[in-house]
1. Along the Cα-to-C-beta direction of residue 32, a point sits 7 Å from the Cα; which residues of the range 62-79 have their amide N less than 20 Å from that point?
2. Would you kindly state how much longer the chain becomes between residue 207 and residue 150 on full extension, computed as 0.36 nm times their sequence separation minus their alpha carbon distance, in nm to one decimal?
3. How far, in nm, would the chain grow between residue 76 and residue 189 when pulled straight, counting 0.36 nm per residue and subtracting the alpha carbon separation?
4. Can you tell me how the range 36-183 classifies by the Cα gyration tensor, rounded, prolate or oblate, using a/c under 1.5 as the rounded cut?
5. Which value, in nm² and rounded to one decimal, describes the direction-averaged projected area of the C-alpha convex hull of the range 104-228?
6. Please work out the FRET efficiency for the pair residue 69 and residue 97, using the Cβ-Cβ distance as r and a Förster radius of 25 Å; give the result to the nearest 0.05.
7. So if I take the centroid of the Cα atoms in the range 86-117 and the same for the range 155-196, what is the distance between those two points in Å?
8. Can you classify the range 29-105 as rounded, prolate or oblate using the Cα gyration tensor, where a ≥ b ≥ c are the square roots of its eigenvalues, rounded means a/c under 1.5, and otherwise it's prolate if a/b beats b/c and oblate if not?
């Protein structure tokens with residue numbers, strides 16, 4: 001390693017290895033390029049690919065990458081078991097290995113790998129969960145259909161206001177967690193799967209008293225492969241917001257509401 005490289009690495013504000021989790025299903029067009037860019041970032045950033053039995057050969061590509069680079073790891077699952085369970089599996093792995101920071105991102109380049117150091121810097125500065133956000137000043141969305149943008153913005157506005165979350169982008173998958181967060185939050189108690197898992201994680205992280213921060217990112221809608229978001233995921237997200245709302249209300253208020261409703265009927 002050259003002297004200038006050593007000096008640069010000493011200036012990296014986070015300590016220790018970082019694990020970046022990349023859930024995959026049919027991402028053969030993107031995976032090798034993504035992993036290469038992540039591994040070229042400053043610091044010791046490892047990659048964990050969690051593949052749900054992709055029929056397009058993504059899992060085989062992941063194995064080749066892992067065989068060539070000890071900083072790349074792979075977990076194979078038997079089928080498409082959902083984003084939430086993929087995260088739980090990855091978090092358990094990262095916690096067991098003792099990574100001080102565990103990040104998550106999509107495999108389709110919706111999230112720029114080069115933005116990852118900024119997430120880590122914010123975590124090192126004191127945030128327990130850092131979210132790459134489309135909905136804070138400086139954030140943007142590129143290439144997403146207007147209807148999808150409207151639905152996403154509405155769902156996040158509801159999560160922010162109805163649940164009282166500090167985060168503006170509660171469904172963003174570009175995140176950095178401190179290890180202590182994942183060892184404190186009861187992941188097995190999280191009911192949601194799919195993208196609503198992200199809303200529920202933000203909710204319980206904040207309820208546990210951890211500090212959530214956001215950095216602005218530009219979200220670029222995928223250009224290769226098929227989107228994993230469908231109407232069912234949207235309905236599940238709305239249901240999750242309503243379900244979690246009951247946890248954020250004192251039971252006295254719930255009983256009072258029920259009594260008023262009974263009196264009116």
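1. 62-75
2. 17.8 nm
3. 38.4 nm
4. Prolate, since a/c reaches 1.5 and a/b exceeds b/c.
5. On the way: hull surface 30.6 nm².
Quarter of the Cα hull surface area: 7.7 nm².
6. The pair residue 69/residue 97 has a calculated efficiency of 0.95.
7. Each part's Cα centre sits 14 Å from the other's.
8. Verdict is oblate for the range 29-105.
A short reminder: the numbers here are calculations on the coordinates, not readings from a lab. Here the structure is a predicted model, which is why all the values come from computation and not from measurement. Because the Cβ atoms are built from the backbone with ideal geometry, glycine has one as well, and the counts that use them run over all protein chains shown.
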